[in-house]
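Readers should treat all values here as calculations from the given coordinates under stated rules, not as data from a laboratory. None of the values given here were measured: they were computed from a predicted structure. Every residue, glycine among them, receives a Cβ derived from its backbone with ideal geometry; neighbour counts consider all protein chains shown.
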Amino acid sequence: MEKQIAKAITLSFAAAGAIVAVGLGLLLKSLAGAFGSIAVLMGYDAFRHGLPVVVGLAVFLALRFHPRAVGFSYEVMVELQRVVWPPQKDVRAMTIAVIFMVTIISVIIFLFDFLSALLLKYIVG
């Protein structure tokens, strides 16, 4: 069980690093449209691709080897194992009920919007 928790923690830290890398790449791309100096730097592949990868790897390593981050993640995983998840039958029933209620409320809001638009058109026109 300990190995599974360690693998899950490492995978979550890798996902965090990947999210930071993708976010930084998108941020640099959008900033390149606003600032000429960043646009010039984005012309270099080492900057455009290398910087996000290096920052993402640094985030992964910082999380993976920080004892408090690993300890917190371990405690979260242990707590998640203690959670009593509802049976699939109950989840399915609750999901259907939520979809049904959202549909009913959507129809009510649509009717209110449609009727208020007609009333406003009648008053103005």
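Considering only residues that are in a helix (DSSP H, G or I) and loosely packed, with under 10 Cβ neighbours inside 10 Å, which ones fall in segment 87-97?
Q88, K89
Any residue at all in segment 52-74 that's in a helix (DSSP H, G or I), among the small types (G, A, S) and more than 30 Å from I5 (Cβ to Cβ)?
no
Which members of segment 1-15 meet the condition of being out of contact with any helix residue (DSSP H, G or I) (no Cβ under 8 Å at 6 or more places or on another chain) and of a type in the set (V, I, T)?
Within segment 1-15, none qualify.
Would you point out the residue of segment 74-106, among those that are of a type outside the set (A, V, I, L, M) and under 23 Å from the mean Cα position of the chain (by Cα), that is nearest to T10 (Cα to Cα)?
Residue satisfying both the conditions and the ranking: Y74.
Run down V59, V78 and say which single residue is exposed (fewer than 12 other Cβ atoms within 10 Å of the Cβ), among the aliphatic types (A, V, I, L, M), touching a residue at least 40 places away in the same chain (Cβ under 8 Å) and touching a helix residue (DSSP H, G or I) at 6+ places or on another chain (Cβ under 8 Å).
Checking each option against the conditions leaves just V78.
Tell me which residues, restricted to segment 24-54, are touching a residue at least 24 places away in the same chain (Cβ under 8 Å) and either loosely packed, with under 12 Cβ neighbours inside 10 Å or within 28 Å of V70 (Cβ to Cβ) (or both).
L24, G25, L51, P52, V53
Can you name the residue in segment 1-23 that is touching a residue at least 40 places away in the same chain (Cβ under 8 Å) and of a type in the set (V, I, T) and, of all such residues, is surrounded by the most Cβ atoms within 10 Å (Cβ to Cβ)?
Here the answer is I9.
Within segment 36-51, can you find the residues that are more than 18 Å from G23 (Cα to Cα) and in a loop (DSSP other than H, G, I, E, B)?
Of everything in segment 36-51, those that are more than 18 Å from G23 (Cα to Cα) and in a loop (DSSP other than H, G, I, E, B) turn out to be G43, Y44.
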